[in-house]
């Protein structure tokens, strides 16, 4: 749930947040027009036969700043429901209101940081229909041509407890955004209001807005077409997704992209202040659906509890590839009061399936290409109840297809057992080229052990080969981290 956090910890200043229309215009000239655009897909090196090309496959990004990790917050303080754009060489992030800021704004020289929360407020004021302290889940859309930056936000309606969606404009990505007066842009009171606005623009320029209806019993994700300037509605809203059996509590926080020739809808499920809050996805051939649900993309369990309650995901793309910005719980303050920080991770696509760097992916050894020289067998205590081994002879090799969200260095953990009484060695190759070696030390009779090596992978599908150099051993699985 995109909700208000308290206690924003302002980080060291990178660039002050400017106020005043005249100064904002000057900043806009300095940073220039927003840069977007996506490189055409390129073949993935060493991909498995028949495996889809990564879509899209951007060039490897610049080196990450010191200390960056996809499982560590890039804003280690209250910055929930992040949305990110790029203008010139600067990245701008916008978040749910803090204790004293209606629209927090942060800037960075790269998607992975370092990020600095700017002092001041990106929203000049609230519209007359809204009350303070409830400004959630912003979405900022850069100009198309000579128009303004457009901000969509949700705020509480005066005289009621429903949230409605408003719109504001600015000449600079730093603001101040000035709200349009009159009625809210979206305010379905019969559905408990609306929150979590998200923009989608077709290649022909047709604009859409997605949002979540806010009543718990009828919570759903809606799609509505906008006017060409994005400031008004151009048709009726259509419900495109509801909660499915087995999903926690409700669905919300939509974000729509087009990948692998499909519309891919990322959304959150669960209560935002609990550990079971998570990011999921669904796929459709038409923007209005029907959407086929594909399962979780991020969850506390998938991260091994290194991130709690990951959700409210925002897909960002530039010339370096795709990134996923999202929030996770940093602190609990009782009840629904939590502090949520911002995270950034590279994002890859196996066709229309999103794959987030930092989420460990397990590859069962028995599903590898065993090449006729390594048997698979049932074993108690093995993942999935099966393992492979021993390798029949020196030179015997198995091939494991693995998918990397982006090009780079990846830790690969191998779970194994070796009851021979002496160490065993395996050569590790990537896409047919020797990369490193793996030593399987002797284990107890009924025990399992693990060892980790680091390999360089191309974006997309890769083949990790394991070839016996000497000794015995059994493999349970490989885990790409």
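Please treat every number below as a calculation from the coordinates, not as lab data. In this text, all values refer to a predicted model and were calculated from it rather than measured experimentally. So basically every Cβ, Gly included, is an ideal-geometry build from the backbone, and we count neighbours across all protein chains shown.
Here is how the numbers come out for the structure above:
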| read-out | value |
| --- | --- |
| Kirkwood hydrodynamic radius of the stretch 93-246, Cα pairs, Å | 16.1 Å |
| Kirkwood-based Rg to Rh ratio, the stretch 21-357, C-alpha trace | 0.93 |
| Inter-label distance for residue 306 and residue 293, nm, one decimal - labels placed 7 Å from Cα along Cα-to-Cβ | 2.8 nm |
| Likely footprinting exposure, 74, 178, fewest C-beta neighbours within 10 Å first | 178, 74 |
| Radius ratio Rg over Rh of the stretch 362-480, counting only Cα atoms, Kirkwood formula for Rh | 0.94 |
| Between helix 21-31 and the chain: long-axis angle, C-alpha atoms, 0 to 90°, nearest 10 | 30 degrees |
| Theoretical gain in end-to-end length, residue 337 to residue 245 [0.36 nm per residue, Cα-Cα removed] | 30.4 nm |
| Within the chain, helix-based [θ] at 222 nm, where runs of 4 or more DSSP H residues each add -39,500 (n - 2.57), nearest 500 | -500 deg cm²/dmol |
| Separation of the residue 362 and residue 216 label points, Cα + 7 Å toward Cβ, nm | 3.3 nm |
| FRET E, pair residue 422, residue 66, Förster distance 51 Å, beta-carbon r, rounded to 0.05 | 0.80 |
| Potential lengthening between residue 446 and residue 100 on full extension [0.36 nm per residue; Cα-Cα distance subtracted] | 118.7 nm |
| Simple spin-label estimate for residue 206 and residue 371 in nanometres, 7 Å along Cα-Cβ | 5.1 nm |
| Burial order of peptide ranges 415-421, 288-294, 463-469 (average beta-carbon count within 10 Å, highest first) | 463-469, 415-421, 288-294 |
